[in-house]
Amino acid sequence: MVDPEAQPQIHPPKTWATGVPAIASSFKQGLEQMGAARTARTFLKLNQDKGFDCPSCAWPDPDPEDRHTAEFCESGAKAVAWEATTRRVDRAFFARHPIAALHAQSEWWLGQQGRLTEPMYKPEGGTHYEPVSWDEANAIITRHLRALPSPDDAAFYTSGRTSNEAAFLYQLMVRAYGTNNLPDCSNMCHESSGHAMSEQIGIGKGAVTLNSLEQAELIVICGQNPGTNAPRMLTHLENAKKNGATIVAVNPLPEAALIRFRNPQNVKGILGTGTAMADDFLQIRLGGDHALFRAIAHLLLQAEDANPGSVVDHDFVQERTTGYAAYKASLATLDWEQTERATGLAREDIESLAERFMASRATVICWAMGLTQHQHAVATIQEVTNVLLLQGNIGKPGAGPCPVRGHSNVQGDRTMGIWEQMPPEFLDKLAKEFAFVPPREHGLDAVGVVRRLREKSLRVFFGMGGNFAMATPDTPVVHAGLAACDLTVHVSTKLNRSHTVTGREALILPALGRTDRDETPRGLQAVSVEDSQSQVHLSAGSLTPPSEHCHSEVRIVADLARQLVPDVGQIPWATFAEDNDAVRDRIADVVKGFDDFNTRVREPGGFLLPHKPRDSREFDTKDGRAQLVVNPVQVLEVPEGRLLLQTIRSHDQFNTTVYGHDDRYRGVHGGRRVVLVNPTDLHRMGLHQGDLVTIVSEYDGTERRAEQFRVIAYPTAPGCAAAYYPETNVLMATDHVAEKSNTPVAKSLVIRLEKA
Ligand SMILES: Nc1nc2c(c(=O)[nH]1)N[C@H]1C(S)=C(S)[C@@H](COP(=O)(O)OP(=O)(O)OC[C@H]3O[C@@H](n4cnc5c(=O)[nH]c(N)nc54)[C@H](O)[C@@H]3O)O[C@H]1N2
Ligand SMILES: Nc1nc2c(c(=O)[nH]1)N[C@H]1C(S)=C(S)[C@@H](COP(=O)(O)OP(=O)(O)OC[C@H]3O[C@@H](n4cnc5c(=O)[nH]c(N)nc54)[C@H](O)[C@@H]3O)O[C@H]1N2
Ligand code: SF4
Ligand SMILES: [Mo]
């Protein structure tokens, strides 16, 4: 296991995705980590009815009768191999490695050591983690939390892999303890989508299903790299294409999968040249999408004026929306010079995309982090929704907004109440169901927690999964703030950086993963998850757990709650600890759309949650109509000699987990400290491929530095650069956030490159 951090090798970017190398890569990872028998056994259960849900992304599964034997992709296989590894991190490992030595290792190395096997504790002044019993661990947490002047001095983070059942119990415990400090990874991810869409259509979730997607006439994919981050989406795009859909990619990077796709699940896909995926590729400048969609709307309205009734769906707009007149007035004229500057696109390219909108009777727009992680993200997503609403592209087959979620259950966790600002109706129901008084004041979101860490005023940090120390902005500030806590606790499957950035005392609590069998005195347990398109289904692992001391997240929460809040309300924690059906019965009482949960979740494929705009074109907004909203365009101005930097995922990582050092489709091999820059910009800056540079970000008069990056000449949009996360989180400023959603800006940092 050599950490090949040395000099990366650069090959030309690929112009197609998947096919044989993807299959080879999946099995290589599996065989290395698990051996042949376990690999075959595990992969055959992945995403199958009565099997387990892929722990990687949130892309939905087809109906059970339409599933393949291998209903997964390379990314899913890597995530499974990573979790189901036979390597172990036990007490001997922690005795051998002082925490400081672990801290010096890379993310990749930490992730390679294997599964955590028992609770570990770092006492005050300790240099090593030491074994501790579950009872003692819970007593330590309880002692600290009870000693706090206010429950608001603790924060309880959730990453989106947590099951519905565990998430529901977790928020219940935290609210019973007395705080709404429930930040989650969604705060850094699709918060902007949720915020934008809730205001406009009354719900923050996507409004298309897989079947519907395949009936679209036009699919626009903005700010998303599905070939790496939601690979099976490509199969459905390919089907849509076979049904006659036009696909347009809007991206600063020519991502391989958006250009050409080889489907590994059919023989022609393996051998043949594949499907040309995108009919058009608009190489947009970072942050230019708001201006692009304003221009599209302008052109649609202009065409409508020229030929009334030809473009706008007037029945829909009149009966179901508010704000048309003001919206139309705001688009009477368009500043084309500003539009071209903001988008980096030529007017003809925008006009030709507008024509595709006009020609389509059913349009889907998909997006991910390329839209959500900008200062103007909420306005951008609202403009996307405006354009869909104008043509009535919601609540009919083949049409609608399709935000593609990240973590496999990030959407479900939110549905279960993991949010620092759950609405009063939810809290009322919780209060009634469990006979206690939940706190009403909004809690801290992820950036709120970072601000408390910055002022060193947070006392206890509790992480339900995830890697808060690396996923957040301003890495050194976060690390110093965590180190100043009285106690840090992490419920995890594997070692990561957050375990090496310890509070005065620290705990690691080992959890079962999706692949593990969960057997309690009440029998085998299954959990449930909600995918990106609101389908809820069961997931049950079948592998023997890494150790008898690994507990399910459900049990971890319930056992802690029995010590922490035994007398708050009437909550049967002991039953919850071993019976997920009992938890689901209570979710059915509290959470909308979950009636008869235990029965419906056992139907093959589970059940679809209600979604008024999708199901009946009804909108839970202030006036019961969808809102067309006006937001002024902002052009990201970049001073001379600077670039806009986006921080992205390579093909060999899952967020802060680094599986390997190749980014195959982009042609980067053997290293991650690289910055991709357009050749004309390099030439202008006097830099050459392979030069070693320091990336310096400039925000609000402050500078942040990331050293030892190699420059790669890459066909990204001019004026733009790209580098991998989390190595570049040191460049992000805590206060640089999206308006309204408070999401850290990860996709448009003003930077300069200094030759080392
Ligand atoms: N294998 C794998 N799968 C994953 C993950 C992973 O790390 N690895 N992470 C999961 C998670 S939590 C998430 S949120 C998703 C993330 O999925 P993505 O959003 O696809 O992930 P990113 O790598 O952040 O890629 C952002 C994409 O948007 C483009 N982009 C950036 N800025 C702009 C812009 O201003 N305009 C436009 N039009 N495009 C832009 C980038 O070039 C890139 O293609 O993936 C999930 N799935
Ligand atoms: N610069 C920059 N920063 C970003 C982003 C970006 O694009 N650029 N993206 C943001 C986004 S979209 C997201 S979602 C966040 C992600 O932030 P997080 O969700 O906090 O980070 P992950 O890397 O997904 O967390 C991985 C860890 O989760 C633990 N884990 C894995 N499986 C399980 C499980 O089943 N149970 C438990 N208890 N633990 C488990 C493992 O210990 C693993 O190390 O990062 C954000 N940060
Ligand atoms: S598309 Fe996402 S959920 Fe499906 S197998 Fe691949 S990584 Fe897993
Ligand atoms: Mo995410």
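Does segment 413-463 hold any residues that are in contact with a Gly (Cβ under 7 Å, 6 or more places away or on another chain), assigned to a loop (DSSP other than H, G, I, E, B) and within 23 Å of Thr500 (Cβ to Cβ), and which are they?
Within segment 413-463, Lys456, Leu458 qualify.
Pull up segment 649-695, narrow it to residues that are small (Gly, Ala, Ser) and within 16 Å of ligand 1 (Cβ to nearest atom), then point me to the one that is modelled with the highest pLDDT.
The qualifying residue modelled with the highest pLDDT is Ser650.
Determine whether Arg704 is within 27 Å of His651 (Cβ to Cβ) and in a strand (DSSP E or B).
Criteria met by Arg704.
Please find, among Ala297, Ala325, the residue that is part of a helix (DSSP H, G or I), more than 14 Å from ligand 1 (Cβ to nearest atom) and within 30 Å of Glu637 (Cα to Cα).
Ala297
For Gly392, which of the numbered conditions (1) free of Cβ contacts under 8 Å to residues at least 24 places away in the same chain; (2) over 30 Å from Val745 (Cβ atoms) fails to hold?
(1)
Mind checking which pairs have a first residue in segment 169-185 that is without any contact (Cβ under 8 Å) to a residue 60 or more places away in the chain and over 18 Å from His490 (Cα atoms) and a second that is buried (at least 24 other Cβ atoms within 10 Å of the Cβ) and of a type in the set (Phe, Trp, Tyr), Cβ under 8 Å, 6 or more apart or different chains?
none
Can you give me the number of residues within segment 388-400 that are surrounded by 24 or more Cβ atoms within 10 Å (Cβ to Cβ) and either more than 24 Å from the chain's Cα centre (by Cα) or within 15 Å of ligand 1 (Cβ to nearest atom) (or both)?
The number of residues fulfilling the criteria is 3.
Quick one: in segment 300-317, which of the residues that are assigned to a loop (DSSP other than H, G, I, E, B) and not acidic (Asp, Glu) is nearest to Phe619 (Cα to Cα)?
Among residues in segment 300-317 that are assigned to a loop (DSSP other than H, G, I, E, B) and not acidic (Asp, Glu), the one nearest to Phe619 (Cα to Cα) is Val312.
Across segment 227-250, what is the total count of residues that are over 23 Å from the mean Cα position of the chain (by Cα), of a type in the set (Val, Ile, Thr) and either at pLDDT below 95 or part of a helix (DSSP H, G or I) (or both)?
Residues meeting the conditions: 0.
Can you pull out every residue in segment 227-248 that is closer than 21 Å to Phe72 by Cα and touching a Lys or Arg at 6+ places or on another chain (Cβ under 8 Å)?
Thr228, Asn229
Would you check if there is a residue in segment 251-261 being modelled with pLDDT under 95, of a type in the set (Val, Ile, Thr), surrounded by fewer than 24 Cβ atoms within 10 Å (Cβ to Cβ) and within 16 Å of ligand 1 (Cβ to nearest atom)?
Yes: segment 251-261 contains one or more residues that are modelled with pLDDT under 95, of a type in the set (Val, Ile, Thr), surrounded by fewer than 24 Cβ atoms within 10 Å (Cβ to Cβ) and within 16 Å of ligand 1 (Cβ to nearest atom).
Residue-by-condition table, conditions (1) farther than 30 Å from Leu453 by Cβ; (2) out of contact with any Cys (no Cβ under 6 Å at 6 or more places or on another chain); (3) within 16 Å of ligand 4 (Cβ to nearest atom):
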position	(1), (2), (3)
Arg666	yes, yes, no
His669	yes, yes, no
Arg673	no, yes, no
Arg684	yes, yes, no
Cys720	yes, yes, no
Glu727	no, yes, no
Ser741	no, yes, yes
Leu749	no, yes, no
Leu753	no, yes, no
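For segment 87-95, check the following and say yes or no: at least one residue is assigned to a loop (DSSP other than H, G, I, E, B) and either under 28 Å from Asn409 (Cβ atoms) or outside the structural domain of Pro231 (by TED's automatic domain parsing) (or both).
Within segment 87-95 (the criterion being assigned to a loop (DSSP other than H, G, I, E, B) and either under 28 Å from Asn409 (Cβ atoms) or outside the structural domain of Pro231 (by TED's automatic domain parsing) (or both)), the answer is yes, since at least one residue qualifies.
Considering only segment 475-493, how many residues are over 26 Å from the mean Cα position of the chain (by Cα) and either aromatic (Phe, Trp, Tyr) or buried (at least 22 other Cβ atoms within 10 Å of the Cβ) (or both)?
So the answer is 2.
For segment 224-234, check the following and say yes or no: at least one residue is away from ligand 1 (no atom under 11 Å from the Cβ) and not basic (Lys, Arg).
yes
List pairs: first residue in segment 620-640 and farther than 19 Å from Val387 by Cα and outside the structural domain of Ala291 (by TED's automatic domain parsing), second residue at pLDDT 95 or above and in a loop (DSSP other than H, G, I, E, B) anywhere in the structure, Cβ distance under 6 angstrom, at least six positions apart or on different chains.
Asp620/Gly202; Leu636/Gly287; Leu636/Ser748
Within segment 70-89, identify whether any single residue is touching a Ser or Thr at 6+ places or on another chain (Cβ under 8 Å) and over 19 Å from Phe654 (Cα atoms), and answer yes or no.
yes
Could you check, for segment 604-620, whether at least one of its residues is part of a loop (DSSP other than H, G, I, E, B) and in contact with an Asp or Glu (Cβ under 6 Å, 6 or more places away or on another chain)?
Yes - at least one qualifying residue is present in segment 604-620.
Could you say which residue among Arg584, Arg649 is within 16 Å of ligand 4 (Cβ to nearest atom) and either among the hydroxyl-bearing types (Ser, Thr, Tyr) or closer than 25 Å to Val529 by Cβ (or both)?
Arg649
What are the residues in segment 378-414 that are under 23 Å from Val737 (Cβ atoms) and among the charged types (D, E, K, R), if any?
Within segment 378-414, Glu383, Arg405, Asp413, Arg414 qualify.
Find the residue count for segment 167-200, including only residues that are over 10 Å from Arg414 (Cβ atoms), of a type in the set (Gly, Ala, Ser) and within 16 Å of ligand 1 (Cβ to nearest atom).
Within segment 167-200, residues that are over 10 Å from Arg414 (Cβ atoms), of a type in the set (Gly, Ala, Ser) and within 16 Å of ligand 1 (Cβ to nearest atom) number 3.
Only one residue in Ala167, Ala137 is part of a helix (DSSP H, G or I), among the aliphatic types (A, V, I, L, M), out of contact with any Asp or Glu (no Cβ under 9 Å at 6 or more places or on another chain) and within 16 Å of ligand 2 (Cβ to nearest atom), so which one is that?
Only one candidate passes the filter, namely Ala137.
Filter segment 465-480 down to residues that are more than 16 Å from ligand 4 (Cβ to nearest atom) and either without any contact (Cβ under 8 Å) to a residue 12 or more places away in the chain or part of a helix (DSSP H, G or I) (or both), then give me how many there are.
Number satisfying all stated conditions: 7.
Here are some residues: Ala723, Ala733, Ala746. Which one is within 16 Å of Thr475 (Cβ to Cβ) and assigned to a strand (DSSP E or B)?
That would be Ala723, the only listed residue that is within 16 Å of Thr475 (Cβ to Cβ) and assigned to a strand (DSSP E or B).
Could you please tell me which pairs satisfy a Cβ distance under 6 Å, a separation of 6+ or placement on different chains, a first residue in segment 354-379 that is at pLDDT 95 or above, and a second residue that is among the charged types (D, E, K, R) and within 16 Å of ligand 4 (Cβ to nearest atom)?
Pairs found: Gln373/Lys747; His374/Lys747.
The values are calculated or read from the model by the stated rules, or taken from the named source; none is laboratory data. Given the structure is predicted, the values throughout are model-derived calculations rather than measurements. Because the Cβ atoms are built from the backbone with ideal geometry, glycine has one as well, and the counts that use them run over all protein chains shown.
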